[in-house]
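Asker: Before I ask anything, here is the structure I am working with.
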Amino acid sequence: MTSVTAVTGESAGGSAAAGGVVPADRAAQIDRAAETDRAGDGGGRGGVDSAAGAGRTGRGGADGGLHRLPSLTGLRWVAAMLVFGFHIGTMQIVAEPDYRQIVDWVFTLGLSGVQFFFILSGFVLVWSARPGDTKRAFWRRRAAKIYPNHVVTWAVVIALGLYWADPVNIKAALANLFLVQAWIPVDGYFYSINNVSWSLACEMFFYLTLPFVLPLIRRMRAWQLYAVLVAMPLLILLMWPGQQLLPETVRWWFTQIFPVVRSFEFWMGVAAAELMLRGKWRGPGLLLSTGLFVAIWVASMEWIRAELWTTVLAFGYILVIASAARADTTGRWSPWRSRPLVWLGEVSFAFYLVHVFLIKAIFRFTGHSGGFPGWQGPAVALAMLVVSLFAAWLLFRFVETPMMRLLNPRRRPRPTPLPPGVVRQRQPDRPGEPTPDAGSEPAGTEPAGTEPAGMAPAGTEPAGVSGGDAAGPGQERPERVSSESQATGAVPAPRRDQESREDSGSPSRARA
């Protein structure tokens, strides 16, 4: 079966050297262990896996960098807050003009948090794609990440509607349940049931197409990937005049909902991740990227025309995402990987799904419709934030985490084929047990039945974000052997263990 990842071409770094020195791209294949696509899409526990990037770029681990990308998980919470603030504004919770002016100025562009999630999704899924992965396995993991939370929130909203005797459009409800509502340009469909779930329908389209497109991405040269980064925002810009060719009733759907159009943002993340994996990313550092993004945000609010917002913000988001990932892999300071932010990033997917219908339900039960005067407006908004966060934790703790474990069980990984000059070293079964001599297994030995070396290069949730193949006691881990070690017969020290690679339910990816 065709794998999600593709055959590495010579342009990605060449073939294995005969002298036992593993080139960067091949080392990435060896170093990459279990996927952490829950960060991508979302954000795994502790952050997106960065082991592959570390191996392929020659950074991370050895020079103090991290094996995961917790900064991307933390950033997912920032994006979720942008979406939350946008909805606080659209629901007109704050009525005091002075306070409302602040909310409008800060969060008018908050809907672009969805754009951030789409870009991050493409970045994380490529960054942490499994070697030798199959399409079916990839799709199963993504469904395990998205569907449990979606089905539960869908059922809750349906139950609330029945309780209030609201009419339910059965066709729209079924389209929403199976996440195809974003393909239907009819009012009452793409924003049906749990309004925000339209973005999950877009994500499902991204997941469906990525395994087919990724082999092409792997064969692209660096300049072609940069061309993708520039072309996608320009295509987004072209959609604005292009919508004039469509009936007015479907123009909003075409530019804001249609999965094909929204995929332009996803492919930006894909291209940026591939450049990072090859060590070809040349963007500014995290501090400068953050400053540039803030400048873009302010300029968009004050001077840039509305039809240009998504284009310029796309450039800002990709700079922040790539620079945050590089800060993690190189061990540089990042404000986004603190423990509180990482935890918030982990629950951000659930938070995104519950906050709108929960706020509406609370107002309906209490008989309020928003528009709270004076200080009550900000106080109610803060209370809605706390209540939504608590509900998100419940969903994350009792639905998302256990269902990820149930639907995506851990499996013993098949040993990765090794290039000539690389031996496998068995980890001790118990602390203190001596490690078997690496020389007991001939260099370059490949287990029977495995794919030839060179297949499925490294390549999956604040982040969304968003395991299960981590090596455990007694399982084999590949070790890189230098030419000097071969000459002396010395056994290399085991490389630093990958951190928390278990599929413990880290949320993937909040999406918008």
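Asker: Could you work out how far apart the two model spin labels at W303 and L234 are, taking each label as a point 7 Å from the Cα in the direction of the beta carbon, and quote it in nm?
Answerer: 2.3 nm
Asker: If I take the Cα coordinates of the stretch 66-112 and project them onto the principal axes, what are the three extents in Å, biggest first?
Answerer: Principal-axis extents of the Cα atoms in the stretch 66-112, largest first: 47, 16, 14 Å.
Asker: Further question: Projecting each Cα onto the charge dipole of the stretch 76-175 (Lys/Arg +1, Asp/Glu -1 at the beta carbon, about the Cα centre), which of A175, G161, A129 comes out farthest on the positive side?
Answerer: Of the options given, the answer is A129.
Asker: Counting only protein chains, not ligands or nucleic acids, how are H87, H368, H355 ordered by accessible area (probe 1.4 Å), most first?
Answerer: H368, H87, H355
Asker: Net charge around L225, counting only other residues with Cβ within less than 9 Å of its Cβ (Lys, Arg = +1; Asp, Glu = -1)? Don't skip to the end; give the middle numbers.
Answerer: Working: positive: R221, R278, K280; negative: E274.
Summing Lys and Arg as +1 and Asp and Glu as -1 gives +2.
Asker: In the stretch 234-366, what is the volume of the convex hull around the alpha carbon atoms, normalised per residue and reported in Å³?
Answerer: Convex hull of Cα atoms, per residue: 169 Å³.
Asker: Rounded to the nearest 0.05, what FRET efficiency do Q224 and A165 have when you use their Cβ-Cβ distance and R0 = 51 Å?
Answerer: Efficiency for this residue pair is about 0.35.
Asker: Further question on the same structure: Taking 7 Å along the Cα-to-C-beta vector as the label spot, tell me the V106-F315 distance in nanometres, rounded to one decimal.
Answerer: With each label placed 7 Å out from Cα toward Cβ, I get 2.7 nm.
Asker: Follow-up question, since we're still on this one. Going from most exposed to least, what order do D133, D104 have by accessible area with a 1.4 Å probe?
Answerer: D104, D133
Asker: Using only the alpha-carbon atoms of the stretch 289-394 as identical scatterers, what base-10 log of I(q)/I(0) does the Debye formula give at q = 0.15, 0.19 Å⁻¹?
Answerer: Relative scattering, expressed as log10 I(q)/I(0), comes to -0.94, -1.08.
Asker: Between W333 and V213, what is the spin-label point distance in nm, taking each point 7 Å from the Cα along the Cα→C-beta axis?
Answerer: Here the modelled spin labels are 3.7 nm apart.
Asker: Lys and Arg at +1, Asp and Glu at -1: add these up for the other residues within a Cβ distance under 15 Å of P185 and post the number.
Answerer: Details: positive: K171, R251, R262; negative: D187, E248.
Combined, the nearby Lys, Arg, Asp and Glu give +1.
The values are calculated or read from the model by the stated rules, or taken from the named source; none is laboratory data. As the structure is a computational prediction, the values presented were derived from the model and not from experiment. Note that each Cβ is placed from the backbone with ideal geometry, even for glycine, and that neighbours are counted across all protein chains shown. The area values use the complete protein model at the heavy-atom level, side chains included, leaving out ligands, DNA and RNA. Shrake-Rupley method; radii C 1.70, N 1.55, O 1.52, S 1.80 Å.
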